[in-house]
Structures are given as C-alpha cells and as structure tokens.
Protein chains: 2
Amino acid sequence: MQALYFKDGQLLAKEMDKPQVRRGEALVKIRYAGICSTDLEILKGYMDFTGIPGHEFVGTVETPRSLAGRRVTGEINISCGSCELCRRGLGKHCRKRTVLGIAGRDGVFAEYLTIPMTNLHAVPDSVSDEEAVFTELLAAACEIPERVYISQSSRVAVLGDGRLAAMAAQVLRLKTKALTVIGIDQEKMRLFAGLGIDTAHSAAISSMKGSFDVAVECTGSRIGLPDAVELVRPHGTVVLKSTFHAPLKWNPSRTVVDEITIVGSRCGPFETAMGLLEKKKIETAPFLTAIYPFGKWETALRRARRRNAFKVLLEMGT
Amino acid sequence: MQALYFKDGQLLAKEMDKPQVRRGEALVKIRYAGICSTDLEILKGYMDFTGIPGHEFVGTVETPRSLAGRRVTGEINISCGSCELCRRGLGKHCRKRTVLGIAGRDGVFAEYLTIPMTNLHAVPDSVSDEEAVFTELLAAACEIPERVYISQSSRVAVLGDGRLAAMAAQVLRLKTKALTVIGIDQEKMRLFAGLGIDTAHSAAISSMKGSFDVAVECTGSRIGLPDAVELVRPHGTVVLKSTFHAPLKWNPSRTVVDEITIVGSRCGPFETAMGLLEKKKIETAPFLTAIYPFGKWETALRRARRRNAFKVLLEMGT
C-alpha cells in the first residue's frame with residue numbers, strides 16, 4: 001500500500017506492506033485523513049515519533065467480514081485495558097497506550113489502517129465522509145464543557161482561529177450566549193462572524209484583560225497560554241489545548257495571585273461529537289479548506305501550514 | 001516611628017511619622033513581623049512596590065479605644081467592598097484592593113500599622129505571639145484543601161522544604177495519610193521527619209514521576225511548576241503557590257496530554273488557621289528560625305534568605 005513514513009526528521013512517501021490484522025482488530029481502508037496541528041508538530045520532532053503519522057480519519061472496514069463495508073472513524077488511544085488507570089476509566093491515559101500516528105503505532109496517512117474494533121465508531125448515513133473526518137477534532141472540543149462548567153451566562157473566550165477553534169467555538173456556543181473568538185486572520189474571522197459568532201482581534205487582548213470567566217486556548221502556539229491567563233478574571237479558568245515542541249517563557253505569578261485554574265485537555269468523547277454531527281449542530285463545510293489526492297501530500301502539508309488554512313484532507317482512496 | 005522603607009530598589013531604615021488613622025481603621029503597635037518569601041521577591045523588584053514592606057504580623061491595638069489592648073493579627077487584602085468581585089465574595093481579588101506591604105499600602109516592617117478593623121483577627125489567649133505571627137502563612141496553607149478535594153487516601157506531595165511547605169505539610173497531613181514532602185536541605189528534611197512526615201529528596205523526582213494525585217508547589221522557585229507537573233498522575237492536580245519576579249522556561253504540553261489541572265492559590269482563611277493554632281494542631285516552634293530586634297534587620301533578611309531558614313521574625317516592640 002501507499003503510505004507516508006516519518007523517520008529521523010524526514011517524511012517520505014513509500015510503498016509498504018498492507019498491515020497485519022491482529023486479534024480484535026479491524027482492517028480499515030482509509031478514505032480521508034485529516035491533517036492536524038499535532039501532525040505538523042510531530043513532523044518538527046514532537047513526541048520523537050517514527051512511523052506512519054496521522055490520526056484523523058474516515059474509512060470503510062474490510063475485515064472482519066461481520067463489519068465489512070461499514071463506514072467508520074475511530075478513537076486514537078489504544079489502551080491496555082487492565083492497568084490502574086484503565087480500571088479507573090482513564091484508558092486514554094494508560095501508560096502502556098499507543099496512539100495512532102503519535103506514539104508507538106502507525107497512523108492514517110496510508111491506504112490501510114489496523115485498529116482495535118473497540119476503538120471504532122460507526123458513521124451514521126446522514127453524516128458524510130467529509131463531515132465524519134472532523135469527529136476526532138470535534139470530540140476534543142466536546143471535552144471542554146466536560147472539564148469546565150459553562151453556564152448560559154459564562155463569558156467564554158476561544159483564543160485562536162484555526163481548525164480546533166472552529167470546533168470549540170461551535171460546541172461552546174451551544175452552552176453560552178457570551179462567546180468571543182479571538183484570532184489574527186481577518187479572512188478566518190469573517191468566517192466565524194458569518195456563523196453569528198462574536199469575534200475580536202488578538203491585538204486587542206490587552207484591552208480585554210480579566211474580562212472572561214473561561215478562556216479556551218486553541219492557538220497551537222506558545223503565546224496562547226500567557227494570553228489566555230491574561231484574559232480571565234480572578235478565579236477564572238483557562239482550558240489549555242495546544243501541544244508544541246518548543247518550550248515557552250512565562251511567569252505564572254498571575255496564576256497564583258489571581259488564583260486562576262489551568263485545565264489541560266486533550267481527546268474527547270466521540271459519541272458526543274458524532275451526535276452533534278448527526279443533529280447538524282456543527283458546520284464543517286466552511287472549515288474544509290482543501291482536499292488533495294494522496295500524490296499531492298507535500299502540497300497538502302504546505303497548505304495546512306498556512307495561516308489561513310482550516311482543515312486540509314488527504315484523499316487516500318474512494 | 002522606626003520603619004523599613006523600600007524605594008527604587010533600595011531598602012533603608014528610617015524615622016517616619018506615625019501613620020494617620022482613617023475612619024474604620026485601627027492603629028496597631030506591631031510586636032513581631034514575619035519575613036516571607038514574597039517580601040524577598042519584592043525587594044528584588046516583584047510588584048514594583050514602594051513603601052514599607054512586610055505583611056505578616058502580630059501586635060496590639062492602640063486605637064480605637066474599644067479595641068485597645070487586644071492582641072491581633074490581620075488579613076492583608078484591603079478591598080473596596082462594592083465592586084463586582086467584592087459582591088461575589090472574591091474581595092481578596094478586588095481590582096481596587098491594596099495589599100499590606102505588597103501593593104499600594106504600607107506594611108508591617110514598622111512600629112505601627114493602620115489597617116481596617118474588619119481585617120483584624122483577635123488572637124486567643126492560648127495562642128502566643130510567636131505562634132500568631134504564623135497565621136497568615138498558615139491561612140495560605142489552609143486554602144489548599146479549600147481549592148482541591150483531598151481524601152484520606154489521596155497521594156499528596158508537598159514540593160519544597162521552606163516556611164510555606166512546613167505549614168502546608170501540617171495542614172495536609174490532617175487530610176491524608178499518604179503525604180510526602182520533597183525537599184533539598186537535609187537539616188530541614190530531618191525536621192519534617194521528626195514530625196512523622198515522610199520525606200524524599202528532590203534529586204529523586206524523576207523516579208517519582210506520575211505517582212501523586214496532588215502536588216503542592218511551595219518551592220518559591222521557578223523549578224517548582226515543571227517538577228510538580230512531572231510528579232502528578234494523568235488527570236492529577238498541581239496547586240501552584242510560588243510567586244517570583246523572573247519568568248520560567250517550560251513546555252506545558254504534558255499538562256495537555258495528561259490533562260493535568262493547575263490551580264493557582266494565594267491567601268487563605270484566617271479563621272481556619274487560627275482555629276488550628278488554638279487546637280494545637282500545628283507546630284510552629286520548630287519552624288521559628290530566629291527572632292531579631294528591629295535594629296538587626298539586615299542580619300534578619302540575610303538569615304531569611306539562607307537555604308536552611310524557615311521563619312525569621314523582626315521584633316518591632318514588646
């Protein structure tokens with residue numbers, strides 16, 4: 001099969017063997033693979049990953065025969081199921097876990113993927129492939145109100161104007177009437193505004209100091225955390241979403257003085273995300289920047305890196 | 001009156017006018033003033049403070065006559081009482097607040113202090129002056145279990161072996177049976193061990209990674225936060241207590257990946273602290289390093305800065 005392979009800082013397209021299916025696993029023929037900021041960080045060296053990158057996908061089961069033909073997407077953490085953390089329901093934090101295209105396991109920038117059947121989620125008929133490939137990203141956004149209580153009157157800022165911000169803003173506007181997306185790119189901000197979401201330019205952050213109950217950091221950059229901490233009121237909460245390779249320089253004293261809580265948040269509930277897609281509560285089409293055939297993967301990655309890009313997909317097959 | 005005055009990076013002893021008592025305020029003759037790590041940071045430039053530093057005290061009321069002779073200590077935040085934050089019960093975060101010896105208001109390294117009567121707390125007869133001067137520090141420790149749920153089986157690490165760690169460890173051992181103080185100084189660690197508290201050397205942090213439910217950062221240094229984050233398990237909680245002048249270099253990605261919560265925490269409830277002192281639940285004598293008369297203030301500050309110091313007091317009067 002065709003796949004992208006990352007090793008020693010180099011990403012190359014190569015012909016590889018179709019993966020061996022182990023007990024309990026399904027073989028999935030990938031249709032679309034989404035390019036995520038984490039993938040771009042991995043290609044810079046984050047996580048010291050070697051193998052096939054990519055973790056957002058939609059595809060069709062080939063084996064086992066009982067599931068053949070089913071359209072599926074899947075959760076990215078593969079846990080041991082028996083350790084202390086797994087038994088406490090924290091399987092996504094299992095210390096023995098592998099993570100699709102991120103840690104110890106090949107991902108989805110390939111024609112085929114093997115994945116435990118328990119990780120699969122069926123895609124309802126009313127959800128298109130182009131929507132379903134957003135499930136993993138949308139689930140990460142759905143985790144935000146699972147971790148932090150948000151009421152109808154909570155003043156919430158989403159910091160960032162990228163792919164995750166687009167999902168976070170849409171999830172959070174189902175919870176509160178007082179939402180502001182704070183970004184940089186004018187073109188992207190118009191898109192948010194077009195959905196009826198209030199926007200502000202990040203140049204105005206200093207004038208918004210302390211005016212939010214919750215700030216959700218989705219910038220994917222090192223500036224995100226210090227800015228988010230500035231935005232919340234005393235006793236406010238910052239939800240930290242970005243992972244990146246290089247350290248930041250920051251003085252956390254305001255966190256102490258103003259008794260701010262910072263909540264790290266990663267993957268989220270696929271059921272909730274798929275339910276929102278099925279109920280047409282989330283717009284994905286405006287945030288689907290481009291679809292490239294596998295052969296154009298270099299162009300696709302370049303496109304995904306551009307400031308004005310939302311989600312870029314690789315079409316691995318049909 | 002005699003006082004220490006800080007201006008333009010210089011601390012000097014000088015003769016000053018006895019402060020004017022405003023409506024609603026008491027005039028307190030200071031007996032002891034405690035030297036806190038925040039004071040030492042202020043003398044490095046933290047908070048851009050100008051005036052009389054110091055905020056930990058015990059003294060005797062001179063006026064109003066109705067309170068004259070009462071032994072008192074006092075809360076350090078002076079709030080407006082009418083803003084949104086004050087009305088929400090977050091008076092210690094009032095944006096118009098002044099803070100004794102920290103922000104916009106003279107502190108306690110002086111013979112006399114004026115302070116709103118509502119900030120005062122009477123010292124019970126059974127609590128000595130040498131104990132009462134620990135109230136503010138102990139209250140900050142009492143805030144920890146107010147912010148984070150700690151059960152009898154919670155595995156809790158206190159990171160640091162200083163004055164705040166001494167109070168935090170004693171408050172937390174009333175909550176959990178699984179407490180470890182992680183410090184550097186052998187002499188200080190023996191003191192903790194003498195109170196029956198488990199100790200570990202910070203050189204062993206890498207072998208303790210992920211083994212605590214809660215890590216309380218009391219180091220007063222920039223290394224504290226990254227170390228504390230390493231110590232907690234996935235979904236664990238870090239309580240951040242240190243404020244300092246210079247920024248730290250840190251990659252918060254693990255906070256996101258392991259979905260760790262960081263809770264900034266500053267001042268705490270005086271009633272709880274005084275109650276613990278009254279019930280003799282907290283040892284202060286082993287942590288009272290030295291008492292210096294006012295004239296020896298330079299020696300006192302030098303002593304407070306030494307690695308093996310706990311609490312150093314200035315005796316302002318008798």
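Nothing in this text is a laboratory measurement; each read-out follows from the coordinates by a stated rule. Note that the structure is a prediction, hence the values are computed from the model and not measured. FYI the Cβ positions are ideal-geometry reconstructions off the backbone, even for glycines, and counts take in every protein chain you see.
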Inter-copy distances for A:Thr63, nm, shortest first, label points 7 Å along Cα→Cβ, are 9.3
Using modelled amide H (1.01 Å from N, peptide plane; none on Pro or chain starts), what sits under 5 Å from the amide H of B:Gly210, excluding residues fewer than 5 places away?
-> B:Leu231, B:Val232
Can you tell which of A:Ala166, A:Ala26, A:Ala141 shows the greatest fluctuation in a Gaussian network model of chain A with Cα springs below 10 Å?
-> A:Ala26
Could you state the principal axis extents of the C-alpha atoms in region B:1-82, from the largest down, to the nearest angstrom?
-> 40, 34, 21
Computed FRET efficiency, Cβ-Cβ of B:Thr299 and A:Lys7, R0 56 Å: what is it to the nearest 0.05?
-> 0.35
Tell me which lysines have Cα within less than 17 Å of B:Lys296's Cα, excluding those fewer than 8 residues away on the same chain?
-> B:Lys14, B:Lys311
Which net charge results for the neighbourhood of B:Thr299, defined as the other residues with beta-carbon distances under 12 angstrom from its beta-carbon, given Lys and Arg at +1 and Asp and Glu at -1?
-> +4
If each part is reduced to its alpha-carbon centroid, region B:4-74 and region A:297-315 end up apart, in Å, by 60
Just tell me which aspartates and glutamates come within less than 13 Å, Cα to Cα, of B:Lys279; anything on the same chain fewer than 8 places away is out.
-> B:Asp125, B:Glu131, B:Glu271
Enumerate the lysines that B:Lys249 could reach by cross-link, defined here as Cα to Cα under 27 Å, with residues fewer than 8 away along the same chain left out.
-> A:Lys44, A:Lys209, A:Lys241, A:Lys249, B:Lys44, B:Lys209, B:Lys241
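With the cut-off at 1.5 for a/c, could you classify region B:140-264 from its C-alpha gyration tensor as rounded, prolate or oblate?
rounded
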Can you tell me the FRET efficiency between B:Ala204 and B:Glu271 if r is taken as the Cβ-Cβ distance and R0 is 25 Å, rounded to the nearest 0.05?
-> 0.10
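How large is the helix-only mean residue ellipticity at 222 nm for the protein assembly as shown, computed as the sum of -39500 (n - 2.57) over DSSP H runs with n ≥ 4, divided by its residue count, in deg cm²/dmol to the nearest 500?
After summing the helix terms and dividing by the residues of the protein assembly as shown, the value is -6000 deg cm²/dmol.
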Identify which of A:His201, A:His93, A:His55 has the largest mean-square fluctuation in a Gaussian network model of chain A, with springs joining Cα atoms closer than 10 Å.
-> A:His93
Taking only Cα atoms and a 10 Å spring cutoff, compute GNM fluctuations for chain A and point out the largest among A:Ala169, A:Ala300, A:Ala193.
-> A:Ala193
What do you get for Rg/Rh of region B:201-318 when both radii come from the Cα atoms and Rh is the Kirkwood radius?
-> 1.05
In whole percent, what relative contact order does chain B give with Cα contacts below 8 Å and a gap of six or more residues?
-> 18
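Taking N as the number of residues in the protein assembly as shown, what value does Rg over Cα atoms divided by 2.2 N^0.38 Å take?
That works out to 1.10 for the protein assembly as shown.
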If you add up the charges near A:Ser79, with Lys and Arg at +1 and Asp and Glu at -1, over every other residue whose beta carbon is less than 11 angstrom from its beta carbon, what do you get?
-> +4
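Please report the net charge: other residues with Cβ closer than 13 Å to the Cβ of B:Lys188, K and R +1, D and E -1.
+2
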